[in-house]
Amino acid sequence: MNYVKASELKDFLGQEVELKGWVANFRSSGKIWFIELRDGFGFVQVVIDAGKVDKESLAICEKLTLESSMVVAGLVAKHPKLEQYELHATKLGLVNQAVDYPIGKKEHGPDFLLDNRHLWLRSSRQWAIQRVRNTIINATYEYLNKAGFIKMDAPILTPTSCEGTTELFQIDYFGEPAYLTQSGQLYLEAGIAAWARVFDFGPVFRAEKSKTRRHLTEFWMMDAESAWVDHEGNMKIQAELITYIVQKVLTDNLPELKILERDLTILERVKPPFYRLTHAEVVQKLRERGSDIGELDDLGGDDETLLTELYDKPIFVEKYPASVKAFYMKRDPADETRALNSDLLAPEGYGEIIGGSQREDDYHTLLQRMKEQNMPIEPFQWYLDLRKYGSVPHSGFGYGLERIVAWICGLKHIRESIPFPRLINRLRP
Ligand code: 4AD
Ligand code: MG
């Protein structure tokens, strides 16, 4: 018999096929059972009419339990009302009888669900989120490859910090301290002189004591770095990438977005040009909305929420005070107190999804900055070298995958955006 996927049923109308999956839900009325079978590829309604199956199949129906695994043979039919295909069972085979599945129909608290993350992943919302995540990952590769970037994997074990020492996870590397990477950026800057455009995509780590709906301690970052690209060009690449990703999700994941009850009109609007404000303009807007943010303050999570609630498209906030940004950012020649940087904020209250900047490419200026910030010079000598041997103007950015997933899927909390979230208070399962 033909073993088919839920997503292929429409190609087998009227034929007898076999589905393999798990009982996501079931009900019965008299001598008819309805099983919502989840096979990994989708959800299918299986209709079992007592008069049309054998005794063994009926016995299975009599003791149905949530999340039992089974093989079902049946005829593919069109749902009488909905645009859906269902299976009219001819035979059921039980593979494993599940007992007392802990996640039920009733509302569960977030801690209970996170303790049972290994099982929670099966529920339809979680199924949909991870499929959207997969599309976002693939769309990123597609866009970057088309734009001439090659993937250059940066190391995870590093001797120094990229984004600041307070957020480092330290480990013992054969007797000397080492750190889990916060971003592959500095290594990518070495790569541009070899390949001009490079990106990495992997797990990064932040020992941030932030307990918010936006922070994970382990998350996936995609850093991209380009030679001969300035601050303007850097924002252009980001806008194109985000547009490509969102359009791809809209093309490939409509059923998933429907499960997530996502408002599509906002996603459909994601096309360049994005909104663009300077940090100074943002401070003014925030103060009008009641924030007490200082002129030279970084935007906090609450500020980003307050600001982005006003917008229906992503917003670039550029030219932050250099004092709140990383040492490697080039300064704005028109105002040396400002960095030639941008954060891309997602609308609807989501906030920062990308951080990027033009990089300081002058040896002496960079050395000076590092000294001002009391950074150790010797461990960064290789990074300074890049400014000695054919330094060129260059820029780059890094996106947080889970922040993008949370926004596109419309999630309230980042913890659902990654299969096994690592939070300040959660390392298990
Ligand atoms: O803004 P960040 O810290 O920038 C960098 O690390 C640069 N070196 C990137 C570069 O220029 N190549 O982090 C980049 C992005 C943020 O915009 C945010 O989306 C995400 O990473 N991010 C986090 N996501 C989840 N949990 C956290 N704790 C995050 N911290 C940053
Ligand atoms: Mg940032």
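Over 16 Å from residue 329 (Cα atoms) and of a type in the set (A, V, I, L, M), is that true of residue 414? Yes: the conditions hold for residue 414.
Return yes or no: is residue 344 of a type in the set (A, V, I, L, M, F, W, C), more than 13 Å from ligand 2 (Cβ to nearest atom), in contact with a helix residue (DSSP H, G or I) (Cβ under 6 Å, 6 or more places away or on another chain) and assigned by TED's automatic domain parsing to the domain that holds residue 237? Even if it seems obvious, please write down each step before you answer.
Working: of a type in the set (A, V, I, L, M, F, W, C): yes; more than 13 Å from ligand 2 (Cβ to nearest atom): no; in contact with a helix residue (DSSP H, G or I) (Cβ under 6 Å, 6 or more places away or on another chain): yes; assigned by TED's automatic domain parsing to the domain that holds residue 237: yes.
The answer is no for residue 344.
Listed by position, the helices (runs of 4 or more DSSP H) enclosed by segment 77-192 that each have at least 2 residues that are open to solvent by 80 Å² or more (accessible area, probe 1.4 Å) and farther than 24 Å from residue 213 by Cα are 124-146.
Within this structure, residue 366 fails the test of being within 10 Å of ligand 1 (Cβ to nearest atom), free of Cβ contacts under 8 Å to residues at least 60 places away in the same chain and either in contact with a Lys or Arg (Cβ under 7 Å, 6 or more places away or on another chain) or assigned by TED's automatic domain parsing to the domain that holds residue 272 (or both).
Give the number of residues within segment 15-50 that are more than 42 Å from the chain's Cα centre (by Cα) and under 21 Å from residue 78 (Cβ atoms).
Residues meeting the conditions: 1.
Number of residues in segment 149-164 that are over 23 Å from the mean Cα position of the chain (by Cα), free of Cβ contacts under 8 Å to residues at least 60 places away in the same chain and more than 16 Å from ligand 2 (Cβ to nearest atom) equals 1. The listed residues are 212, 181, and the only one of them that is free of Cβ contacts under 8 Å to residues at least 60 places away in the same chain and in the same structural domain as residue 381 (by TED's automatic domain parsing) turns out to be 181.
Please verify whether segment 284-299 includes one or more residues that are assigned to a helix (DSSP H, G or I), surrounded by fewer than 16 Cβ atoms within 10 Å (Cβ to Cβ) and in contact (Cβ under 8 Å) with a residue 40 or more places away in the chain. No, because not a single residue in segment 284-299 is assigned to a helix (DSSP H, G or I), surrounded by fewer than 16 Cβ atoms within 10 Å (Cβ to Cβ) and in contact (Cβ under 8 Å) with a residue 40 or more places away in the chain. Residues being among the acidic types (Asp, Glu) and in a strand (DSSP E or B): count how many of those fall in segment 1-58. Result for segment 1-58: 4. Of the numbered criteria (1) open to solvent by less than 30 Å² (accessible area, probe 1.4 Å); (2) within 16 Å of ligand 1 (Cβ to nearest atom); (3) free of Cβ contacts under 8 Å to residues at least 40 places away in the same chain, the one residue 324 fails is (1). Take the residues of segment 59-71 that are in contact with a helix residue (DSSP H, G or I) (Cβ under 9 Å, 6 or more places away or on another chain) and not in a loop (DSSP other than H, G, I, E, B): which is surrounded by the fewest Cβ atoms within 10 Å (Cβ to Cβ)? Out of the qualifying residues, it is 61.
In summary, residue 211 fulfils each of the numbered conditions (1) within 14 Å of ligand 1 (Cβ to nearest atom); (2) of a type outside the set (Phe, Trp, Tyr); (3) out of contact with any Phe, Trp or Tyr (no Cβ under 9 Å at 6 or more places or on another chain); (4) modelled with pLDDT of 95 or more with the single exception of condition (4).
The values are calculated or read from the model by the stated rules, or taken from the named source; none is laboratory data. Bear in mind that the values here come from a model prediction, so they are computed numbers and not experimental data. Methodologically, a virtual Cβ is constructed for each residue, glycine included, from the backbone with ideal geometry; neighbour enumeration extends over all protein chains shown. Note: accessible area is taken over every heavy atom of the protein model, side chains too, but ligands, DNA and RNA are not part of it. Shrake-Rupley method; radii C 1.70, N 1.55, O 1.52, S 1.80 Å.
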